[in-house]
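The values are calculated or read from the model by the stated rules, or taken from the named source; none is laboratory data. Given the structure is predicted, the values throughout are model-derived calculations rather than measurements. So basically every Cβ, Gly included, is an ideal-geometry build from the backbone, and we count neighbours across all protein chains shown.
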Amino acid sequence: MHEMSLCENIREIIEEQAKLDGFSHVNRVWLEVGPLSCVEPDALRFGFDVVMRGSVAQGASVEITSSPAKAHCLACQTTVQIQQRYDPCPTCGVGPMEIIQGDAFKISKLEVV
């Protein structure tokens, strides 16, 4: 379950940001988890609560957002929504397509005190 190590990285980033910006507690963390990011949101929620114990984000709620995956077809030059990384272009049926949205995993916002 790599989500635990991702949560540890999130904790490190939050702790470093707390030192830089001088906040003492995080109430809420917003994470962007793309459908092509290979991150399981339920496992991330579980890991988040466990890993944040003893940090400035202990007890913080986590909000996970996602946006549709989009790709640009190199053959027909259209941008389309896709469900999986290696889907063929629904317009022309050709691949490969360049992923332009949906593979991100990042902290998008923090609510701090």
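How many residues are touching a strand residue (DSSP E or B) at 6+ places or on another chain (Cβ under 6 Å) and buried (at least 17 other Cβ atoms within 10 Å of the Cβ) when one looks only at the range 46-61? So the answer is 4.
From the residues in the range 16-37 that are touching a residue at least 12 places away in the same chain (Cβ under 8 Å) and exposed (fewer than 14 other Cβ atoms within 10 Å of the Cβ), which one is farthest from K106 (Cα to Cα)? The extreme case among them is S24.
Evaluation of I64 against the conditions (1) out of contact with any helix residue (DSSP H, G or I) (no Cβ under 6 Å at 6 or more places or on another chain); (2) surrounded by 15 or more Cβ atoms within 10 Å (Cβ to Cβ) shows that the sole unmet condition is (1). Highlighted here are the strands (runs of 3 or more DSSP E) found entirely within the chain that include at least 3 residues which are β-branched (V, I, T) and within 12 Å of the chain's Cα centre (by Cα): 61-65. Any chance the range 104-111 includes a residue that's modelled with pLDDT of 95 or more and of a type in the set (D, E)? For the range 104-111, residues modelled with pLDDT of 95 or more and of a type in the set (D, E): present.
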